[in-house]
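Student: Below: one structure in structure tokens.
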Amino acid sequence: MSTRTGHRTSAPRGGAGGRPGGDAGQAPAPDHRGAPRRGTALPNRRSPMLIVAGVLCAVLGALGGAFAWTQASQSQSVLVMTRDVARGEELRHGDIAVASISVPDQVDILPASRLDSLIGRRAVVDLPRGSLPGSRSVGDLPVAAGRAHVGLKLAAGRVPTEPMPAGTRITIVEVTGDATSAETGSPSGQSSPAAGGPSTGTVPRTIDAVVSRAPVRAEDRSSWLLDVEVPQADAAVIADLAARDRVAVIVRGS
């Protein structure tokens with residue numbers, strides 16, 4: 001008996017129905033809902049909010065840079081106080097320095113070129129450290145009508161040791177002849193008729209005044225120099241007493 005051997009025939013590979021062996025370069029087809037099948041890369045999407053935030057940051061950065069450049073371009077060299085200078089004091093080297101800052105147009109300032117011309121002048125107002133002196137801050141002390149400025153040289157013990165800035169209210173006291181005699185070596189209790197001072201036992205003459213310049217130590221280191229503002233009618237009398245060393249000063253209460 002003869003045996004037949006059957007031959008199986010395989011279906012061709014890559015046939016329809018998504019069998020293996022199809023076109024490897026063909027992208028998966030979308031399903032029946034229109035969405036891409038699993039494994040398909042999604043296109044990149046940028047958030048509108050991130051774009052807006054980036055634009056705002058760029059604009060703000062540009063504005064900040066423009067502001068900084070404007071401030072730097074408007075800076076100018078001006079004078080600034082490096083220590084406290086009271087009204088009436090003389091300005092010296094080291095009291096003023098040059099600084100480069102931005103100052104509005106309406107602020108009264110002194111340019112750096114005026115530095116040398118201010119040395120030796122007096123402060124018309126109090127100039128605290130860090131302030132900007134203006135065109136009216138330094139100059140000659142004004143004297144009001146009916147008033148006069150008188151310079152005094154006072155020995156130790158005839159002027160208070162407490163601070164006496166400009167504007168301090170004081171009383172100038174005429175020293176009696178006895179005190180003058182004791183200091184000059186004359187016999188005690190003897191007053192020269194030419195001195196013109198009050199006699200013993202009388203109330204000393206007093207004149208109210210205002211300090212126009214704080215006391216400074218004289219070159220002899222034993223006396224003080226003081227500028228005062230007094231009524232003009234009393235200026236000559238005070239100057240005469242000061243020349244004869246017949247003056248003392250006390251501070252009045254405010």
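Student: Can you give the Kirkwood hydrodynamic radius for region 59-178, in Å, rounded to one decimal and based on Cα pairs? Kindly include the intermediate steps, with their values, before the conclusion.
Tutor: On the way: mean 1/r = 0.0564 Å⁻¹.
Its Kirkwood hydrodynamic radius stands at 17.7 Å.
Student: Separate question: With the cut-off at 16 Å, report for region 70-139 the share of all Cα pairs above it, as a whole percent. Write out the running numbers ahead of the final one.
Tutor: Values: 987 of 2415 pairs.
Pairs farther apart than 16 Å: 41 percent.
Student: Give the accessible area for residue 83 in Å² (nearest 10); use a 1.4 Å probe, count only protein heavy atoms, and leave out ligands, DNA and RNA.
Tutor: For residue 83, solvent-accessible area is about 90 Å².
The values are calculated or read from the model by the stated rules, or taken from the named source; none is laboratory data. Please read these numbers as outputs of a predicted model, since none were measured by experiment. Ligands, DNA and RNA are stripped out before the accessible areas are found, and what is left, the full protein with its side chains, is counted by its heavy atoms. Shrake-Rupley method; radii C 1.70, N 1.55, O 1.52, S 1.80 Å.
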